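Accompanying notes for the structure given below.
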Amino acid sequence: MSSNSIDNNSSIEEGRSPVLQVSPLGFPWQTIDPFLFCVYHDDAYPKANAQMGPEAPLAGRQIGQDFSRKDGWSMYHGDTVPGFPSHPHRGFETVTIVRKGLVDHSDSLGATARFGGGDVQWLTAGKGIVHSEMFPLLDANAPNPLELFQIWLNLPARSKMAEPHFTMFWSEAIPHFASDDAAGGRTEVAVIAGRFGGTAADGGQAPIHPLSPPPDSWAAQADADVAIWTLKMTPGAQWTLPAAAGEGTRRMLYFFKGAVATIAGRRVEGPAAIELRADTAVELRNGDEEPSEFLLLQGRPIAEPVAQYGPFVMNTQAEISQTLADYRRTQFGGWPWSDPAPVHGRDAARFARHPGGREETPRA
Ligand SMILES: O=C(Oc1cc(O)cc(O)c1C(=O)O)c1ccc(O)c(O)c1
């Protein structure tokens with residue numbers, strides 16, 4: 001069968017399939033309101049050098065702007081350590097899910113953090129923040145793989161000028177659940193945001209209570225129906241994605257690892273972005289050959305005009321002009337660090353130092 005074609009042997013009724021659209025994954029990935037942006041970094045960094053960068057020549061890359069994936073990795077805007085040195089944001093939130101490797105964060109609020117291994121940073125830029133996100137390589141004797149999602153979640157007009165807010169969700173505290181099917185297949189779900197379980201529609205699943213999103217987030221409003229889940233399915237596993245709660249909710253399922261899956265009876269080859277009807281439960285069946293992984297982004301659209309200029313997302317062009325003037329004048333509080341691309345040493349321990357100095361480490 002050709003790539004991502006409809007399986008004519010399936011029992012789905014013409015026009016009634018919950019699969020609304022299947023498209024190839026671009027870079028960045030296409031998103032639906034309330035999400036603005038989603039990028040997946042999957043970098044096979046080599047051994048580390050003494051500066052916590054790649055032990056490899058950087059010739060042939062456009063340093064400062066290297067998205068080449070040459071040899072399976074990019075430097076992005078970093079010149080020694082890969083990553084994104086200091087840059088501003090206004091008007092939305094970043095949600096950074098780090099699956100492999102480490103991110104060293106520093107920001108204009110005075111916060112710093114090192115996170116990875118399933119940790120999530122949820123940062124409300126609100127009225128303005130400057131931050132850096134560097135990817136230090138610590139292992140001088142072995143490859144240093146990095147895998148992360150950076151998701152931009154829009155803020156409604158009333159919250160665009162909210163106070164910035166820094167939140168860490170350590171992987172140990174993120175609710176995970178597993179579902180085993182009758183044939184021994186297993187589906188594991190990490191619930192970064194969005195309730196699940198506790199209703200008749202959830203197939204007997206006990207309620208899962210997610211961690212609280214930042215106070216001004218669209219996700220903090222229960223009727224916004226925001227869900228951010230990652231799913232891992234063993235070969236041949238079957239699982240029913242429950243219907244969303246809200247009317248008007250939209251959802252995109254990103255099939256980012258694995259060869260093939262059947263989604264509501266439709267054969268889909270990965271990688272693909274699959275827009276699903278949110279008011280219907282959807283049967284997922286992984287192919288028999290390989291494990292597969294998915295990211296689900298779901299929410300009720302904010303449904304307001306979007307005016308974007310790079311890292312600034314407002315509702316009107318006049319607000320963008322005001323943002324550029326504000327940033328020129330105030331630098332959103334200024335950069336309190338001596339280096340635009342700070343890294344936090346060779347000790348691999350994860351930590352967060354909040355604005356004001358409160359220290360936090362993951363609880364086992
Ligand atoms: O990779 C892109 O953006 C980013 C990814 C991150 O992990 C952190 C960031 O701060 C950014 C960013 O601010 O740009 C990216 C990729 C492709 C593209 O067209 C972009 O505009 C950004």
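Values in this text are rule-based calculations from the coordinates and carry no lab data. Everything numeric here is computed off the predicted structure, so don't read it as measured data. For neighbour counting, all protein chains shown are included, and Cβ atoms are generated from backbone atoms with ideal geometry for every residue, glycine included.
Please compute the length gained on full extension between residue 44 and residue 84, using 0.36 nm multiplied by the number of residues separating them and subtracting their Cα-Cα distance.
12.7 nm
Taking the Cα centre of the chain as origin and charging only Cβ (+1 Lys, Arg; -1 Asp, Glu), how large is the dipole, in debye to the nearest 20?
That gives the chain a dipole magnitude of about 580 debye.
Run the numbers for residue 359 and residue 67: contour at 0.36 nm per residue of separation, minus the present Cα-Cα distance, in nm.
101.7 nm
What's the FRET efficiency of residue 349 with residue 142 using the Cβ-Cβ distance as r and R₀ = 22 Å, to the nearest 0.05?
Calculated value: 0.70.
Counting only C-alpha contacts under 8 Å and six or more residues apart, can you give the relative contact order of the chain as a whole percent?
Dividing the mean separation by the residue count of the chain yields 21 percent.
Sequence gap at least 6, Cα distance under 8 Å: using those rules, report the relative contact order of the range 30-172 to the nearest whole percent.
32
Which of the listed residues, 60, 231, 196, is farthest toward the dipole's positive end in the chain, when Lys, Arg count +1 and Asp, Glu count -1 at the beta-carbon?
Farthest along the dipole direction, towards plus: 60.
As a footprinting exposure proxy, order 202, 139, 43 by other Cβ within 10 Å, with the fewest listed first.
139, 202, 43
Of 254, 40, how do they rank once you tally other Cβ atoms within 10 Å and put the fewest first?
Going from sparsest to densest Cβ surroundings: 40, 254.
Run the numbers for residue 51 and residue 188: contour at 0.36 nm per residue of separation, minus the present Cα-Cα distance, in nm.
Difference between extended and current length: 45.6 nm.
Which whole-angstrom value gives the distance between the alpha carbon centres of the range 79-105 and the range 132-169?
So the separation of the two Cα centres works out to 4 Å.
Going highest first, how would you order 56-62, 347-353, 86-92 by mean Cβ packing within 10 Å?
Highest-to-lowest ranking by the protection proxy: 86-92, 347-353, 56-62.
For the chain, modelled as a Gaussian network with Cα springs under 10 Å, which listed residue fluctuates most, 339, 279, 225?
So, out of 339, 279, 225, the one fluctuating most is 339.
Is there a quick way to get the dipole size of the range 30-172? I mean about its Cα centre, with the Cβ of Lys and Arg at +1 and of Asp and Glu at -1; what is the value in debye to the nearest 20?
Rounded to the nearest 20 debye, it is 300 debye.
Calculate how steeply helix 317-330 sits against the longest principal axis of the alpha-carbon atoms of the chain, using the helix alpha-carbon long axis, and give the answer as 0 to 90 degrees to the nearest 10.
Its long axis makes an angle of about 40 degrees.
Take 269, 93 and order them by how many other Cβ atoms sit within 10 Å, fewest up front.
Lowest to highest Cβ neighbour count: 269, 93.
With the dipole of the chain worked out from charges on the C-beta (+1 for Lys and Arg, -1 for Asp and Glu) around the Cα centre, which of 185, 219, 130 lies farthest toward the positive end?
Projecting each Cα onto the dipole axis, the largest value belongs to 130.
Could you work out the relative contact order of the range 109-207, using alpha carbon pairs under 8 angstrom and six or more residues apart, expressed as a whole percent?
Value for the range 109-207: 28 percent.
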